[in-house]
Amino acid sequence: MNYYNNLYKSNSKTKVFISFDYDHDLDLKNLLVGQAKNDDSPFEITDMSVKEELTGDWKEKVRTQIKKVDQVIVICGEYTNTANGVAAEVKITQEEEKQYFLLCGRNGKTCVKPKNAKDLDKIYNWTWDNLKLLLEGKR
């Protein structure tokens, strides 16, 4: 594949920000990052949550990163509703009017929405096919 094909391939991918509970779901973030590296992946990770205190300009740094992406993927685990950073990222995503969706990170477990998720926000099953459809806006 030549330079121009690689350039086109990279530019055609959806840029995403991953929001996740750093304390409980870091393994899930790593799985999603791995999926982004697949040859047929329709998305690329441009940035993701970090474990920092919600002080100073942390929220503005996140806002700047979210503004740069096409969509935000929120990985939901068993304790996502207690993750203040995820709640802040969801709120910023909504304020910036970015598309986002919630993924069930733990198959067979009760995964919960983050604070600030809308009542109508659905938690979707995390499968490769579903992920592709969700990134296409099929919700």
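Every read-out reported here was derived from the displayed coordinates using simple, explicitly stated rules and does not represent laboratory data. Because the structure is predicted, anything quoted here is derived from the model rather than measured. Neighbour counts are summed over all protein chains in view; Cβ atoms, including those assigned to glycine, are modelled from backbone coordinates with ideal geometry.
Residues Val86, Val69 in ascending order of nearby Cβ atoms (within 10 Å, fewest first): Val69, Val86.
Pairs of Cα atoms in segment 3-135 fall into 5 Å distance bins, from 0 up to the last occupied one, in shares of 2, 11, 22, 24, 21, 12, 5, 3, 1, 0 percent. Shown for Trp126, Trp58: other C-beta atoms within 10 Å of each C-beta, ranked fewest to most, produce the order Trp58, Trp126.
Once the cut-off is 18 Å, how many percent of the Cα-Cα pairs in segment 83-139 end up in the long-distance tail?
That fraction is 37 percent.
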